[in-house]
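A short write-up of the structure that comes next.
A short reminder: the numbers here are calculations on the coordinates, not readings from a lab. Because the structure is a prediction, the values reported are computed rather than measured. Heads up, the Cβs are rebuilt from the backbone with ideal geometry, glycines too, and the neighbour counts pull from every protein chain shown.
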Amino acid sequence: MAKNNKSKETKSWSEAEIVLKFNLKRIRAYQTDLMKEWLDVEPPQFNEFEQQLFDRKLNEALQKIEGWSEEDLKMKFLAHILELGHLHDQKNVIGFFDKIISAEVEGTFLRVKSDFMLAKGFMNLHQNPYFHFQEYKPNLNPTGEPMAQLLEAFLIGQAKNEKSIPLYGVEIIGERWRFVIMEAKEYCISHSFSAVQENDLLKIIAILRKFKHLLFTRLMD
């Protein structure tokens, strides 16, 4: 007898559909306590190598980001910003690129590709997710709405995590970064940062480093 696969069918959600389906609440004023804490950073301190890398990548982005494809954006820029942000593998927390994650959430099967995910894991096995980003080439994204996909990743992360913790992430569209925190049914979105503005890019890197501090001091067992 053929199996009924209807429960495993997936769809391309919009942010509004995700909000209504799962009864989420978007916090309009981005200055919640958790977001205030995350965005409260000092400029990062770079060693000589990091400063050279920062200067080079900022200049490349200024000149070329508008023409980059998704893969160009990831390999030529984002991977280096993540490294400067200290989101590298450490202990049993691993960065995974292009991982398909899925879970049944309130009777609905969700499946999405996480462009980058920081999670507890070993080798290619990921378990408890803590951080996601969704990234796309500049302007129009042909493969889905990025905020909706980030919310899907958060909902899946909530279903998979062993304890209830806030989930952190970022929506990236070309040069624009918006940081997002989801706690229970509420999610909060920061104002936009431009990765081709020096002061904004420094703050982006400092915010990523701040997340790593929060992860090891508060979010993990």
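Numbers at a glance
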item: Stretchable slack from Phe216 to Phe97, in nm (0.36 nm times residue separation minus alpha-carbon distance); result: 40.8 nm
item: Gained length - Glu104 relative to Glu37, 0.36 nm times residue gap less alpha-carbon distance; result: 21.0 nm
item: Exposed-site-free run, longest, the chain (rule: trypsin sites (Lys or Arg not before Pro); DSSP loop; at most 12 other C-beta within 10 Å); result: 92-162
item: Virtual spin-label span in nm between Asn47 and Ser194, 7 Å along Cα→Cβ; result: 3.3
item: Only Lys, Arg (+1) and Asp, Glu (-1) charged, at Cβ; the chain dipole about Cα centre in debye; result: 700
item: At most 10 other Cβ within 10 Å, DSSP loop - GluC sites (Glu not before Pro), the stretch 71-120; result: Glu106
item: For the chain: Kirkwood Rh in Å [reciprocal of mean 1/r, alpha carbons]; result: 18.0
item: Residue-averaged [θ]222 nm for the chain, counting only DSSP H segments that reach four residues, each worth -39500 (n - 2.57); result: -10000 deg cm²/dmol
item: DSSP H segments from the chain that extend 27 Å or more along their own axis, Cα-based, with Kyte-Doolittle mean of 0.0 or above; result: none
item: Equivalent ellipsoid semi-axes - Cα gyration tensor, the stretch 61-124, angstrom; result: 26, 18, 8
